[in-house]
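Okay, so here's the structure we're looking at.
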Amino acid sequence: MTLFSNALIDQQMYTREKSGIFRSTEGYDTIAKSSGLDNSFIKKYIHPLCVYDAPAELLAKGEKEDALFPSALQLVRLETGDMVLGNSHYVNADFTGLRSTFFSHNYIIPAVRAEEWVHQYHTWLQADFQEQYNVDQGQDLPQLQDIPSTSAAFNRIALLEQLGIDGAAFRQLIGAVMSAIHKRRKVYISLNVPISELSIYAKQLTAVITEALPYAFRRRLGFTTYAKEPESRKGMQLMFVESGSIRAGDRNIERDYHFDWSTGRIHPAQPEKAGQVYTEWVWEHLAQPDQLRALQEFADSGQAGRDASTEELPDPAQYDEWTTLFRVEAGDEQLYSEHPASILQSLLKHLRPAGALDSAIRVNDLFLSRFDREFDEVRTGAVPDIGIAECFAEYYGIDEVHTGRKIVEYFIWATRNAVAAGQTAASQALYMMMEKHPALNEAFIHMAGSQPTLAVMLLNPLIERKFHQAQTVEEVIHLAVEWGTTYPQLLEMDDYCNRAGQSFMEALRHSADLMIATGTVFTLLDEVDTGSLNGKTIQPEAWIQSGLGDDMRASAERLLLNDLEWSSLTREKLLTADFLSLPLPSDEYPERAERRLNAKKLALQLLYIWFTEKELSAELMNLLHQLQPNEKDQVQQLGRLWLAEDIRKGQFGRLAAAFSYSAEPNDLDYSAMVEAVRQHASSPEQIYPFFHWSEGRVEFMRPDLHHSQPSTSDNRLTNDRAKTTDTNKKTSSRQSQHPQFVPAYETAILAYFRRHDPEAFRKGTLAAQAKADFANEGPALRSVYVKARDELATPLSKWFKRNRKRMPLLALLAVVLLVAIGGLSLYGLKVFGVITVDQTTPVVEPAPEVIEPPTETVQLPKVVVTLQTPNASTSTTSTTSTDSNATGLAFHFADRATCEAFAPTKATLMMGNGQKVDYTQLNAKSICKAPTSSGSDTSSEPSTNDSTATSDDDTASTVDGNDSSTVTMVSTTTNNTNNDAKTSESTSGSDTTDPTDSTDTDATTETGTTDSSTSSTTPIEEAEPVSQAQLSESNPYTVTIDLPAKTDSHNINKIKIDSTEYVITSIMDDSATTETP
């Protein structure tokens, strides 16, 4: 950051020297600077700008003269707001005289003086710069008040002609520079001039371009008059480059603008659309700088003094608008007549910002001059375009104080002309447009309503439109009250009141729910009468005096009673109608009310009271029975339907009214009531609380004949009662001592238990109470429960109850009978020898002994092959240590030497479907040490039915072809002990591919009887299953071979190891080897 002590201009010089300010050795560095410059500021911002690359064309020629090399004048605005104007030029020899270098001289203009560039750009472009500096003069440079410069005039038109730039190319160039500044792009220019003169023409063309740019773009412009080739430099949008350096198709600069006049190529070929009107004006007035400057100052004043360095730049297209506005201000009325609305909108856009009225004075004056012109038009009877009127309505919010009243008058005239001309669409459009501006709309209604003639003419269409827009009763009431209280004169207009009432009825008829809408009407109108509307305080006197609210109430009541359908009424809707608890408009004049509607009103009021009170009152019951029969039936039907919710909640206080026959307290349909409670109860046992609740309530209890007043029917029966017998008198006296239910109710309770709950007194809640004779219940309910329990008891219980007094004698007889039966039974057992006489102590028969077949009954071969499958306990032996999840074969040997000598090299699996699978890489695991005994050698006595047992098992053996050792073929089924006794065992040879070929059999071992017919046709190739204990004892030495996991182990028939075949033997559970005699 610069640390300026004042607004002076600082200097800095940069080149290759023996030493500098920031380095003590030779090299490029700042060699002198003004005291106002901070060192860090120089390093961060100034050093990156000190660059110079000599032109390739001159270097190729070997030129050494400094004057032939173009200087690079550059202007950059820093992010601090300061500006750097500098010049770099080529130096043929540095301080050593051996190497070329360059020298840079920069002026640093503080931000507070950056605006000078906008108006004094000619001076800055002609600034004087030093081309060398003697370090012996010191490192301090003076601060300057102004930039030294030498003026040099030139002809703009002649310059463009000399450079070959015509009008189209110039307009495209100005548009490109504006767009580059706005879009942060670059403009690269290659002039068709000698390289040594490039800087001179570049500075002159830069002056023409800067003069053509609006002030806002000048503030952002950065440039350099020479660069060796196109490159992106921060803060520079305009760069003049060496001829031939702009290469077609260069992807690094394809998004930028190229003007290569050395080759005649311009990119993009089409000019920017934005800003074309402005650039056209600039080209036409290029020779008239005063006209050009006037447009730029007008546009800049319209920007409300915004600083383009800190504010977002306007779009170049905006200067098309400024050009049009400038022409209108200059008196081009034809241009305004062609686009009045768009011109007014353009003016408004620059008047909306806060403070724009003070800063954009010329723009505001131009807008007011257009308003005066339009106001004169409407006073002559013209109907304005809605777009023009919209502009003045918006301006009302900008400057209401000075021009507000005149704008309201403008709309009075405009609306009056539209109504008078019958242009309904235009008048409604004006009303709609004013509604978007509440302040203007209120002023318009106030001014129009203050004059009766205007009120009728202008407000009636507005009222019609507003009420037509209102869709609900709330909107209609709010509109009618708001307008009526704001403009009381409207309430005196019959048209207003009639239109309000008509809209109210239309909205009420189209309500989704008439009951809810009517309730809303009464609530809103009551609030209005108290001086409140939407939470705002109003003055309701004029409204109340007009009687419009009372008419709305009466209309709502009449429509509700006339259109309401009982079938659509719900309890929830009814409870929202609080107005039913208050006097209705028809109550004030009952003689005027229709009889049918009055009966319906009474029914609704009765329903509301019924379901807003928790308990029924005598008054309510009287009102119920005063209804007409149709209304009474309808009310009770609705009541029974709605009371389902009360029953589920256990609330029974409202039930009686739904089942009442008359005003008498206990004249009810008890059966229907009990059935309703049963149907709607949340659980079957919920009806018991209802019975308990009914105890002691007058509508369920029999009246006390000694204390109650006789009714009419009682008077008619006085003589009959006098003739009753003494027995009846005693009974009546006895009954009056204990409260009792009405007989009809008692009958209903008993009927319930008979039909729906006959098990109630044997299980459930009442079963526990029945043991205590229902001590927790009142006397009336206890009596009914006892009757129901006795009536629904089981036949056995009833028998015991009838024979309670005979029970001791019956018990004695039963004991005698049991003793006699016992003695006779004992005697019979002795007679038939079941029990001997000399048996003094009971003999406990021993449990049947489980005898395992002796190991000698089945001679195991010297080699037994078993199958190991994953997670199958019956296929592995306790002597193996293989993985339980692997599939493999276990070879069990009788002697250790054979086990150790067993070294298989090839295994062939013979599958059940005839397929053979060969495995050569065998992983044999030898366990040729005898395992320790686990107690599995428990001996057992041979069974007495040994011959039968051996005949039930299919066993056979084969003899190994090599060592004559036998291998047992055992069936894979482990429960063969239940087979028929006639099952025989057959023999087979070692080659099982052809079981009928007897020549392959080396030896045959038979056990049991052989059925010749069976063995000849279907020879058995399965060996008898062996137990784990027997296998461990007879063949304790084991070798295991792992098979691939995908092997179908259940389909293996035989196994061939090298040249020897073996049959798979299954291992059965030890418990299966024991037979029960």
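Every read-out reported here was derived from the displayed coordinates using simple, explicitly stated rules and does not represent laboratory data. If you're wondering where the values come from, they're calculated on a predicted model, not measured in any experiment. Ideal geometry is used to build each Cβ from the backbone, glycine not excepted, and the neighbour counts take in all protein chains shown.
List the chymotrypsin sites (Phe, Trp or Tyr not before Pro) within segment 93-140 that DSSP assigns to loop and that have no more than 15 neighbouring Cβ atoms inside 10 Å.
When the chymotrypsin sites (Phe, Trp or Tyr not before Pro) of segment 93-140 are filtered for loop state and at most 15 Cβ neighbours within 10 Å, Phe95 remain.
Structure shown: which of Lys573/Lys632; Lys18/Lys61; Lys601/Lys649; Lys862/Lys1054; Lys183/Lys273 lie over 24 Å apart, alpha-carbon to alpha-carbon?
The answer is Lys18/Lys61; Lys601/Lys649.
Around Ile927, which amide H atoms from residues at least 5 apart in sequence, or from another chain, sit under 5 Å from its own amide H, with H modelled in the peptide plane?
Correct list: Thr1038, Val1039, Thr1040.
Taking 0.36 nm per intervening residue step and subtracting the Cα-Cα distance, what contour gain separates Ala897 from Glu116 on full extension?
Stretched out fully, the Ala897 to Glu116 stretch lengthens by 269.5 nm.
For Glu1061, which sequence-distant residues (separation of 5 or more, or a different chain) have an amide H within less than 5 Å of its own amide H, given hydrogens modelled in the peptide plane?
Here Gly961 satisfy the definition.
Determine, for His738, His478, the number of other Cβ atoms within 10 Å of each Cβ, and report the residues in order from fewest to most.
Ranking His738, His478 by Cβ neighbours within 10 Å, fewest first, gives His738, His478.
Counting only C-alpha contacts under 8 Å and six or more residues apart, can you give the relative contact order of segment 10-132 as a whole percent?
Relative contact order comes out at 24 percent.
Could you work out the local net charge near Ser427, counting Lys and Arg as +1, Asp and Glu as -1, over the other residues with Cβ closer than 12 Å to its Cβ?
+1
With 10 angstrom as the radius, rank Arg782, Arg218 by how many other C-beta atoms surround their C-beta, starting from the fewest. Don't skip to the end; give the middle numbers.
On the way: Arg782 17, Arg218 21.
By the 10 Å Cβ count, ascending: Arg782, Arg218.
Need the list of lysines near Lys466 for cross-linking: C-alpha distance under 18 angstrom, and skip anything on the same chain fewer than eight residues off.
Cross-link targets: Lys436.
Based on the alpha-carbon gyration tensor of segment 163-298, what equivalent-ellipsoid semi-axes (square roots of 5 times the eigenvalues) come out, in whole Å, largest first?
Equivalent ellipsoid semi-axes, largest first: 23, 16, 14 Å.
Report Rg (one decimal) and Dmax (nearest whole number) for segment 10-132, counting Cα atoms only, units Å.
Spelled out, the Cα radius of gyration and Dmax of segment 10-132 are 15.3, 46 Å.
Could you work out the local net charge near Arg465, counting Lys and Arg as +1, Asp and Glu as -1, over the other residues with Cβ closer than 11 Å to its Cβ? Don't jump to the answer; show the numbers that get you there.
Numbers: positive: Lys466, Arg499; negative: Glu435, Glu464.
Residues close to Arg465 contribute a combined charge of 0.
How far, in nm, would the chain grow between Glu791 and Ala811 when pulled straight, counting 0.36 nm per residue and subtracting the alpha carbon separation?
4.6 nm
Across segment 625-630, in residue order, what do the Karplus-derived ³J(HN,Hα) couplings come to in whole Hz, using 6.51 cos²θ - 1.76 cosθ + 1.60 with θ = phi - 60° and x for Gly and Pro?
For segment 625-630, the Karplus curve yields 8, 8, 5, 5, x, 5 Hz.
Would you kindly derive the ³J(HN,Hα) couplings of segment 539-551 from the backbone phi angles with the Karplus curve 6.51 cos²θ - 1.76 cosθ + 1.60 (θ = phi - 60°), listing them in order in whole Hz, with x for Gly and Pro?
Taking θ as phi minus 60°, the curve returns 9, x, 4, 5, 5, 5, 5, 5, x, 5, x, 5, 5 Hz for segment 539-551.
At 0.36 nm per residue, and after removing the present C-alpha to C-alpha distance, how many nm does the segment from Leu335 to Asp358 gain when stretched out fully?
5.6 nm
Over all alpha-carbon pairs of segment 567-649, lay out the pair-distance distribution in 10 Å bins, whole %, shortest bin first.
Pair shares across the bins are 16, 50, 30, 4, 0.
So what's the net charge close to Gln276: Lys and Arg +1, Asp and Glu -1, counting the other residues with Cβ under 11 Å from its Cβ?
Overall, the nearby charge balance is -1.
For Tyr226, what residues show an amide H to amide H distance below 5 Å, using hydrogens built from the backbone and excluding near sequence neighbours?
Placed amide hydrogens put Leu73, Phe240 under 5 Å from Tyr226.
I need Val112, Val1039, Val363, Val277 ordered by Cβ neighbour count within 10 Å, fewest first.
Values: Val112 12, Val1039 22, Val363 26, Val277 16.
The order, fewest Cβ neighbours first, is Val112, Val277, Val1039, Val363.
What distance in nm separates the simple spin-label points at Arg558 and Ser151, each placed 7 Å from Cα in the Cβ direction?
Placing both labels 7 Å along Cα→Cβ, they lie 9.4 nm apart.
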